[in-house]
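Structure record follows, encoded as structure tokens.
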Amino acid sequence: MNTLKWWQKTVVYQIYPKSFQDTTGSGQGDIPGITTKLDYLKTLGVGAVWLTPVYPSPMVDNGYDIADYTGIDPSYGTMADMEKLIAEAKKRDIRIVMDLVYNHSSDQHAWFQESKGSRDNGKADWYIWRDARADGSAPTNWRGIFGGSAWTWCEERQQYYLHTFAAAQPDLNWANPAVRQALYQAANFWLDKGVGGFRIDAITYIRKPDVLQDGPADGKDGMASIHTMTADTPGILDYLREFQQEVFAGRDIFTVAEANGVGPDELKDWVGSQGVFDMLFEFSHMNLNFRDNEVWCYPNQWKLSELKKALSASQAATAADGWYPIFFENHDQPRSVNKFFPEGADPELAAKALGTLLLTLRGTPFIYEGQELGFTNVAWDSIDCYDDISSHGQYEFSLKEGFSPEQALGFVHRFSRDNARTPMQWSDHYEAGFTTGKSWLPVHSDYPRCCVESEAKDEESVLSYYRQLTSLRSTDKIGKVLIYGDYQERLVESEQIYAFRRTLGVQHIDIMVNFTLQEVGFDTAGLQGSKYLAGNYRTPKKGCLRPLEAVIYWNETGR
Ligand code: GLC
């Protein structure tokens, strides 16, 4: 019972620094801004903060294109600001978690600049270079994740280089031991600064197949998604075991790896006592929206049973060994209120309904900035209003597939990553209190109501509900069941209700969420002897769940 580590018992909060708090009037968030908000985070029971990249970067992909792994981008502040953030957070028992983007660097990184110069320089094989085919075309028909060919021609070297993402993000060659050592050194640099862990980006792509060859076309462009060709290539775990030994082993930190392409059945090699990471963001419950490969113009109508199945599979896979990072949002996803609920859903009820799952499933909850306020998607008038590089790629791809500009923009509205990147809403003042300048992305128009200042005053707000649930997690008996208790799904067949029970000894907690906009009846027999703890309506209604209703019941005696 005492064997859980600090990061298994806490709540993690993800910050997108560019959109969190500006202190200079530049219109972009910065590190000192984060430091000013640590006390706010404390009110949500947060014990660790994951920062998306703050390293020097040309910002083609908002920092996921890193030009120096051991620096701070001047737009975010200085190394001294970072050290201060780590220290101030520590005083409040909050650890700072950095994002390691190790599948690729920026094309402006000194390593790439040297590598591209010739075929025989010291860094010549630090990236993945190939000759053109006889007709001059790219070595394979792979489509990068942001759209377009995954290969870009380099005049200087007279060769193509591979990029899983944008052309400005060349893939590093992990087969080269010198590359791996340089990356480990950078991670150790941050550990020496006192960071509490790492989120590891796009890690399933680091190993490429020995032979790079064409894949079956999956679109009218004749290309094959690079994801299907390179994700989770056999042998990847050899690199990851070395990474673990050289960086993470024996440290009191946590690692959570972004592992699109690793399913729940493979989790045991990746997490747990035999695994290489502490937690894994796998996307089986997040990718239900797409028929295949996250192509936005082919959305999928998913059923609640599929969502439940994915979540239950992840719970089962980490029940005895390993640990699950619970998440429904991040900086790459549309807002969960729009993603998981039918159109017309009341955003506050929906935000609380999903918050209920986030804070009661077994694992470490990851709250994404704004989620605790019930943020929703935006819908701007033109593709030109969007900053997100993948939105542009998906828009172009949709046009090529034959959709109209209106339809293509509709896909962007629904899935753009900018939905999650609008500034944090602190108050009902100018630019929602995010900046005194002009915000780099427009503030969502709902900010007067949906902001920290207003919601903190309102007992029935999404924020108050999040605070209520996160504080339950730290109460003695109930918190123990939420943290240590087993998970068991109930009403498995239901396409309306997601129900599960958390059990520890004789005590248990029942959680039920109605995902529909209709009232749904259920048999209350199992709840006799239980006490109503919390929910997103003021009081429960006997024998049914109202539209989007979430309820939590506590049973102390097992009767
Ligand atoms: C990950 C990040 C995403 C980024 C991509 C390339 O998926 O979460 O934001 O664009 O990797 O680094």
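Each value in this text was obtained by applying a stated rule to the coordinates, not by laboratory testing. None of the values given here were measured: they were computed from a predicted structure. In this analysis, Cβ positions are derived from the backbone assuming ideal geometry, glycine residues included, and neighbour counts consider all displayed protein chains.
Take every Cα pair under 8 Å whose residues are at least 6 apart in sequence, average their separation, divide by the length of the chain, and the relative contact order is 13 percent.
In a fully extended conformation the segment linking Glu406 and Asp486 would gain 24.1 nm over its present Cα-Cα distance, using 0.36 nm per residue. Computed from backbone phi with θ = phi - 60° and the Karplus coefficients 6.51, -1.76 and 1.60, the 3J(HN,Hα) list for the stretch 185-200 is 4, 5, 5, 5, 4, 6, 5, 5, 7, x, 6, x, x, 9, 9, 10 Hz; x is used for glycine and proline. For Lys116, the lysines whose Cα falls under 23 Å of its own Cα, not counting residues fewer than eight places away in the same chain, are Lys208.
Using only the Cα atoms of the chain, each taken as one equal point scatterer with no solvent, compute I(q) by the Debye sum, divide by I(0), and report log10 of the ratio at q = 0.05, 0.09, 0.10, 0.13 Å⁻¹. At q = 0.05, 0.09, 0.10, 0.13 Å⁻¹ the computed log10 ratios are -0.20, -0.67, -0.84, -1.46.
Calculated [222 nm] ellipticity per residue, helices only, for the chain: -7500 deg cm²/dmol; basis is -39500 (n - 2.57) per DSSP H run with n ≥ 4, divided by all residues, nearest 500. List the lysines whose Cα sits under 21 Å from the Cα of Lys220, skipping any in the same chain fewer than 8 residues away. Cα-Cα hits under 21 Å: Lys400. Against the main long axis of the alpha-carbon atoms of the chain, helix 462-472 sits at an angle near 80°.
Dipole orientation for the chain: of the candidates Leu469, Val276, Thr230, Leu469 has the Cα lying most toward the positive pole (charges on Cβ; Lys, Arg +1; Asp, Glu -1). Beyond a 25 Å Cα-Cα separation, which of these cross-linked pairs lie in this structure: Lys37/Lys308; Lys84/Lys123; Lys352/Lys542? Long pairs (Cα-Cα over 25 Å): Lys37/Lys308; Lys84/Lys123.
Each peptide in 65-71, 448-454, 347-353, 77-83 receives the mean, over its residues, of other Cβ atoms within 10 Å, and ordering these scores from highest gives 347-353, 65-71, 448-454, 77-83. For Lys480, the lysines whose Cα comes closer than 21 Å to its Cα, not counting residues fewer than 8 places off in the same chain, are Lys5, Lys9, Lys42, Lys531.
Here the peptides 27-37, 90-100 are ranked by packing, the mean other Cβ count within 10 Å, and the order with the highest first is 27-37, 90-100. Distances between placed amide hydrogens fall under 5 Å for Leu100 paired with Arg199, Ile200, Asp201, all partners being 5 or more residues away or on another chain. Once the C-beta distance of Asp210 and Lys268 is scaled by a Förster radius of 45 Å, the resulting FRET efficiency is 0.95 to the nearest 0.05. Among 268-279, 149-160, sorting by the average number of other beta carbon atoms lying within 10 angstrom of each residue, highest first, gives 268-279, 149-160. When the Cα positions of Gln518, Gly505, Leu38 are compared along the charge dipole of the chain, Gly505 comes out farthest toward the positive end, with charges on each C-beta of Lys, Arg, Asp and Glu.
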